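Take a look at the structure set out below.
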Amino acid sequence: MGKEDQSMKKFVLSLSVLMVIFIYNCFGLSYEKVLKNSNGIKAYTKGDFPKAQELFEQNSIEYPDEGQIHFNLGNALYKNEKYDEAIREFKTSLKSEDIDKAKVFFNLGDAYFQKQEYDKALEYYRNSLIENPDDADAKYNFELTKQFLQQQQSAQNQQQDQEQQNQQKQQQEQQKKDKQEQDKEEKEQQEQQQQQQDQQNQEQKKQEQPQQKPKPTEEEKKQAQRILDAMQRQEEENQKERIKKLLQTKRTKDVEKNW
């Protein structure tokens with residue numbers, strides 16, 4: 001068995017002994033109250049903690065101002081692992097002036113210890129030692145709780161560091177992802193702009209280039225040739241007509257001269 005297991009065993013043993021002793025310490029109760037609590041005490045000592053809880057709860061209703069009854073009920077609740085309810089009953093018992101505060105504080109420390117709320121457990125063990133500085137069990141539990149509190153705080157710090165590292169890693173990954181998305185969008189925009197520019201350049205080149213006339217068909221060529229031939233013949237006839245007119249003019253002048 002490890003050192004920690006031995007410590008826990010001693011812790012539980014000291015708690016059990018203290019509870020049994022204090023349950024029987026009913027000096028502040030009247031005979032009637034003691035009689036009503038005796039059945040609960042018997043059930044508790046036999047280990048029938050649910051029955052003990054039931055009986056102590058009945059008595060606490062009849063004697064709501066009796067601190068000893070609330071203390072006994074708190075012990076039964078503790079054994080039934082109902083730590084929050086046990087804490088409530090222990091604190092209620094402190095309202096009674098004749099209650100042993102050192103033992104109540106001790107049991108409150110035990111309840112908070114089981115809830116792993118070591119800072120509060122340490123506080124109540126300290127209060128118990130203030131009331132009873134010679135309580136060896138309270139001293140032992142106080143030191144043991146300090147160790148558990150240090151381990152808990154160390155584990156919490158490690159967990160916080162790990163969570164912070166994980167958070168930073170997630171942020172870096174998200175930033176990287178965002179950067180990739182941004183680069184992708186920018187690239188797509190650039191490609192789209194380039195495509196638009198290329199399209200505009202192609203349209204501009206088409207506008208600047210002279211439009212090529214379609215090649216004439218054979219029929220069009222023949223028709224064009226007939227037109228040229230007709231124009232040629234017309235030109236020849238016109239030329240002949242001009243020459244004829246010129247000759248006539250020359251004869252007229254010669255006749256006039258000779259005359």
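Screening the candidates Lys205, Lys176, Lys169, Lys187 for the property of being modelled with pLDDT of 75 or more, assigned to a helix (DSSP H, G or I), under 60 Å from the mean Cα position of the chain (by Cα) and surrounded by fewer than 10 Cβ atoms within 10 Å (Cβ to Cβ) yields one hit, Lys205.
Out of Ala155, Ala136, one residue alone is closer than 29 Å to Phe105 by Cβ, exposed (fewer than 10 other Cβ atoms within 10 Å of the Cβ) and of a type outside the set (Val, Ile, Thr). It is Ala136. Against the definition (part of a helix (DSSP H, G or I), out of contact with any helix residue (DSSP H, G or I) (no Cβ under 8 Å at 6 or more places or on another chain), among the hydroxyl-bearing types (Ser, Thr, Tyr) and more than 24 Å from Gly47 (Cβ to Cβ)), how does Ser128 come out, yes or no? No: the conditions fail for Ser128. Please work out if Ala138 is part of a helix (DSSP H, G or I), touching a residue at least 24 places away in the same chain (Cβ under 8 Å), aliphatic (A, V, I, L, M) and farther than 23 Å from Gly40 by Cβ. Yes. Which is in contact with a Ser or Thr (Cβ under 9 Å, 6 or more places away or on another chain) and either part of a helix (DSSP H, G or I) or polar (S, T, N, Q) (or both), of Phe148, Phe105? Among Phe148, Phe105, only Phe105 is in contact with a Ser or Thr (Cβ under 9 Å, 6 or more places away or on another chain) and either part of a helix (DSSP H, G or I) or polar (S, T, N, Q) (or both). Filter region 108-122 for residues that are out of contact with any Phe, Trp or Tyr (no Cβ under 7 Å at 6 or more places or on another chain) and in a loop (DSSP other than H, G, I, E, B); which is surrounded by the fewest Cβ atoms within 10 Å (Cβ to Cβ)? Within region 108-122, the match that is surrounded by the fewest Cβ atoms within 10 Å (Cβ to Cβ) is Gln116.
For region 61-96, the set of residues classified as surrounded by fewer than 24 Cβ atoms within 10 Å (Cβ to Cβ), of a type in the set (A, V, I, L, M, F, W, C) and either under 37 Å from the mean Cα position of the chain (by Cα) or not assigned by TED's automatic domain parsing to the domain that holds Asp110 (or both) consists of Ile87 only. Candidates Ser14, Ser7, Ser30: the one that is surrounded by fewer than 18 Cβ atoms within 10 Å (Cβ to Cβ), modelled with pLDDT under 85, assigned by TED's automatic domain parsing to the domain that holds Glu123 and closer than 19 Å to Tyr124 by Cβ is Ser7.
The values are calculated or read from the model by the stated rules, or taken from the named source; none is laboratory data. All values derive from a computational prediction rather than experimental measurement. FYI the Cβ positions are ideal-geometry reconstructions off the backbone, even for glycines, and counts take in every protein chain you see.
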